[in-house]
1. Please give, to one decimal in nm, the separation of the simple spin-label points placed at E418 and E278, each 7 Å out from Cα toward the Cβ.
2. What is the ratio of the Cα radius of gyration of the range 241-285 to 2.2 N^0.38 Å, with N the residue count, to two decimals?
3. Which residue, L457, V38, C96, has the largest displacement toward the positive end of the dipole of the chain when charges sit on each Cβ (Lys, Arg +1; Asp, Glu -1)?
4. Divide, for the range 56-150, the radius of gyration over alpha carbons by 2.2 N^0.38 Å, where N is the residue count.
5. Taking all protein chains in place and a 1.4 Å probe, what share, in percent, of the accessible surface of the range 3-188 do carbon and sulfur account for?
6. Take the Cα atoms of the range 1-94, find their three principal axes, and give me the spread along each one in whole Å, biggest first.
7. Hey, what did the chain get for relative contact order, percent, Cα under 8 Å, at least 6 apart?
8. Can you give the Rg to Rh ratio of the range 235-329, both from alpha-carbon atoms, with Rh computed by the Kirkwood formula?
Amino acid sequence: MEKILVLDFGGQYNQLIARRVREHHVYAEIRSYDKISVDEIKKEAYKGIIFTGGPNSVYDESSPHYDKKILELGIPVLGICYGDQLMAYMAHGEICSAGALGEYGKIKLYVKKSELFDGIPNESVCWMSHTDYIKKLPEGFEITAYTDSCPCAAMENGKKKLYGVQFHPEVTHTEYGKRILYNFLYLICGCMGDWKMSSFADGRIEEYKKKFKGKKVLCALSGGVDSSVAAVLLHKAIGDNLICVFVDHGLLRKDEGDFVEKTFSGRFGLNLIRVNAEERFLSRLKGVTEPEEKRKIIGEEFIRVFEDEAKKIGKVDILVQGTIYPDVIESGKGDASVIKSHHNVGALPDVVDFDEIAEPLRDLFKDEVREVGTQLEIPNELVWRQPFPGPGLAVRVIGEITKEKLDILREADAIFREEIARAHLEKMTSQYFAVITDLKSVGVKGDARAYGYTVVLRAVTTDDFMTADWTKLPYELLERASNRITNEISSVTRVVYDITSKPPATVEWE
Ligand code: XMP
């Protein structure tokens, strides 16, 4: 399979670059600049290399640099932003601070004749974000694009197949960014485009058919996209030798547990064990109000419940994990501080007796996992499901978690989701749900005083969930949801809409 290396210098768009390459049906992998040597790059036989952007200036002592030999391998290189400057610096060009002439945002770009800009008009719009620029070109290079204030917006050494662009072709604001990447991959690197999701799914199924023949395989199924796709993929390969354990912690949305069971056990015929552990979880959570403590208890209890099931099943040969590519990438960036301890199934290997781990989706981005899910005929409700946190509704019940509050929340949440679906606005928002607060307030229902819960509706718009904006849902929709919630749920007297972005708020309330 042909491969492109995205050499990561800590830029914020490294994942986006790899995704854009894959959209052109060429497999791309991201490696941090300090975790791969020139010799390894040679061995991997990459068709091309992309240097990512980075937050630094090439003259900073702490800025990431790389072995100059990479430019002599004969493999085409495309440097983007910092990667462009780094390439110029490595080839003995000169970089300078642009001072007040730094460019940020949409900028008019003028291109000259170049294979990289094949099919692109002389004038178009690109997206820039730089404070330094290339003042003196390295020997053998020529300028192939410029802007009104940047004399070298692109450069190349065609003979050596080295290309650099100061702007970001991977972001959609660059009008012809897609075409530029296409030109690099197909015209310059000579790729053929052999990365296709249909062949990926078929290939994995065939591989597992042979590899796991007669083996006992265990998978923790949550009903989320990743574990669902992993489970169905393996089921197609090995049938009943795959045992799926679905822990229903009683913190799921309305009818969700039954839906997961019906889909996987019924429709797909998976060998599924549903563990109804609501009581266990609720009794451990009794009296607990502190968000981090709730998260910790749920994470631990999940492991204990799974451990009990694993003991009943006994030794297995393979444990399946739903790891996807963004979980695997060794990014050049430093560690971010922990805001919330996210709950996942990472600790399962400690409690299951197994020989080997299988991660069928470890090469895929989320949208690719969804594509495989569709190929495997998993229902859209699951494949396009909005993210749902591991600790479930627990992080949406403020204060002590009780069955009463959970049931109210489930109803309110279902009404809100129903109204969004009825208005066909699912695509307008990335994640939407209800929260039940610990705040009671006075209302009037049927001429009588009522004293009930306050429910919050939350909808956010985001690409990556690291930052998010609150979604401007139509007032009429909010009004309908609010009317229905207060009419249909007697113990709710007030509905409010959360208009906080992230940061400073987070998406979930706890
Ligand atoms: P926050 O609240 O951190 O949420 O802004 C960002 C995204 O992560 C989801 N989330 C979780 N996902 N386990 C998960 O798998 C968790 O413990 C967890 N907590 C939050 C949240 O729903 C949002 O999509």
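The values are calculated or read from the model by the stated rules, or taken from the named source; none is laboratory data. As the structure is a computational prediction, the values presented were derived from the model and not from experiment. Every residue, glycine among them, receives a Cβ derived from its backbone with ideal geometry; neighbour counts consider all protein chains shown. Side chains are part of the model used for accessible areas, which takes the heavy atoms of the whole protein and leaves out ligands, DNA and RNA. Shrake-Rupley method; radii C 1.70, N 1.55, O 1.52, S 1.80 Å.
1. Result: 1.9 nm between the two label points.
2. Computed over Cα atoms of the range 241-285, the ratio equals 1.23.
3. Towards the positive end, the residue furthest out is L457.
4. Relative to the 2.2 N^0.38 Å estimate, the range 56-150 comes out at 1.11.
5. Working: 3710 of 7940 Å².
That share works out to 47 percent.
6. Here the Cα extents, ordered largest to smallest, are 37, 26, 21 Å.
7. Computed value for the chain: 11 percent relative contact order.
8. 1.00
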